[in-house]
Structure formats: structure tokens, C-alpha cells
Amino acid sequence: MHKLISELNRLYLFDAQQQYLDAEGGAQPLTPAVLARHLSGEQTVAVRLVTDSGLARALVLEFGGKGGGEAHWSALCTIANAVQHELDLPAPAVSISGTAFQLWLSLATPVPVAQARQFVQLLRATFLPASTDILAVAPPAYVEQAALPPCLQPSGKWAAFIHPSMGAAFVDEPGLDMPPPPTAQLGFLESLRSINPAQFAQALPQLQGHAGLSASSPAPVPVAASPVASAATAPGLLLQDATLEDIVRWLHARNIEPTFRHRLP
């Protein structure tokens, strides 16, 4: 359990003043003991993903709530592929929440929550067609708190990190009946890497360019002197009106094989 907590801290939590919300909505210190009880199913808590000073480093997208599980999984894979192949960022973690699929992006250096919120919104707007935008939870609210996997949900199902190749097995029910082995959860996280400041500073203007926004808004990312690539504004990158098949053809045209995608029969 200690190693799993260390990996969760490395990827998603803050070095100091990490908090969770109690039953009354009050902020309490997320001590190692509280986190251990959360991970073992004794006390599920909502972990605050934003500091008191308004910084965030864990970006969470959830897919579920309407439509079928296959559509949710395909949408998740579309964004996960885009994160890696179009934005050249490290692979995100994939989890099941008991009711939905989730993508977890890790930032090595916290950014203002306004930037984190915009980044998640632009991922959705750029890479998911508007007609199939099935994010279950509005990004602004979901960036700020989440039940960190693995944990026991009120439904009795367990939330857990999963290997991307396992997603299709959970399209009917994205949850586990039994707690996942901590060693398996650790194995899914150990190879993941956080998005470094230079990568984020390059990806955000690229997404803003897709959406026709000024790359100067919101405030700049706090990056130690490192070159920031200019926004990519090549035509054809705005995919709000595309179908899933259009997106796959678009990736193939660039010699990108969407191996992360669940191919529907």
C-alpha cells in the first residue's frame, strides 16, 4: 500500500497541504492514514485537486452518463490518442469509476486552475465531435475534486485504474465487484510520466489555436526558462463536426494508428 500511495502522490497529489472534503463539505488534511483507509475501502473521500492558492496538477475527464458504454469508451480512446499523437504528451491513466470511464492527466508542475479547466475543455471541444460530446461531468467542477482510484463507490462497485487494453471489457459495467490488488494498481501507474512544464506550455497554445483563441489567455504557465513552441494551426484540425470514423481516417492520413481505440463490430 505504501508504494501505491507514493505513486499516487507522484502523479496526482501535492507535496504539501493536500486535502479532502468531509461529509459536510469541509476541507480536511489528507493524511497517509486517511488515504490508506480510502484505498482499502474503509472510508471513501473526495480528494481536492485544487490548492487553496488555486493551483491544479491532476486533470480528470469522465465519460459516462448518457449513451452506451461502447460510445463512452470510444470517446475516451479518441481523446487519449489525441493527447499522445497530436499533442505529443505522455499517456494518461485510464480508470473505471463504478459508473463511468475516466482519463487522468498528470502535470509535473501545478498550473492555475483556470488553465487546467481550459485545457480540459479544449481537449473536449477539439477532439470530440459536438454531436457525441458525452463527458459525464462538466470539466470546471470535475477538475476540483475526485474520488481517487482505487476506492469503493456508494454503488458497491470498486473504482480502479485499468490497462487501456482492458477497457472494452467494461463497456457494460465500468466497475469491479471486488477490490483490485494493490500490486496491479501499482503496476498500471509506475510507467506513467507527468506532463512537464515545457510540454504543457506547448500543448495549451496548440489547443487554443485549434479553437481560434488567443494563446495569451489565461495567464502564462509558470515555466522555468524553456522554449515554447508556437501553436499549430494547420487546417483540418478542428474536429467538432466530425464523426468518429472521420477522426480515425484523419489519424490514418497522418500515418497514426489509433491502437488505443476500441474497434466496434
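Rule-based calculations on the coordinates, nothing more; no lab input. Bear in mind the structure is a predicted one, so any value in this text is a computation, not a measurement. Note that each Cβ is placed from the backbone with ideal geometry, even for glycine, and that neighbours are counted across all protein chains shown.
Tell me whether segment 1-137 comes out rounded, prolate or oblate; compute the Cα gyration tensor, take square roots of the eigenvalues as a ≥ b ≥ c, and use a/c under 1.5 as the rounded threshold.
Verdict is prolate for segment 1-137.
Can you list which of the trypsin sites (Lys or Arg not before Pro) found in segment 1-81 are DSSP loop residues with at most 16 other C-beta atoms within 10 Å? Could you put the intermediate results ahead of the total?
Details: sites: Lys3, Arg10, Arg37, Arg48, Arg57, Lys66; in loops: Lys66.
Loop-located and lightly packed - Lys66.
I'd like the distance separating the alpha-carbon centroids of segment 148-179 and segment 29-108, in whole Å.
Computed from Cα coordinates, the inter-centre distance equals 12 Å.
With charges set only on the Cβ (+1 for Lys and Arg, -1 for Asp and Glu), what does the dipole of segment 1-68 come to about its Cα centre, in debye to the nearest 20?
220 debye
Rounded if a/c is under 1.5, else prolate if a/b beats b/c, else oblate: with a ≥ b ≥ c from the C-alpha gyration tensor eigenvalues square-rooted, which is segment 1-60?
Since a/c reaches 1.5 but b/c is at least a/b, the shape of segment 1-60 is classed as oblate.
If you take every residue apart from Leu189 with its C-beta less than 9 Å away from the C-beta of Leu189, what net charge results, scoring Lys and Arg +1 and Asp and Glu -1? Numbers along the way, then the final one.
Details: positive: Arg10; negative: Glu7, Glu190.
Around Leu189, the charge tally is -1.
Counting Lys +1, Arg +1, Asp -1, Glu -1, what net charge surrounds Gln206 among other residues with beta carbon under 11 Å of its beta carbon?
Residues near Gln206 contribute -2 overall.
In nanometres, what is the gap between the two model label sites at Ala16 and Asp52, each 7 Å from Cα along Cα-to-Cβ?
Result for the modelled spin labels: 1.1 nm.
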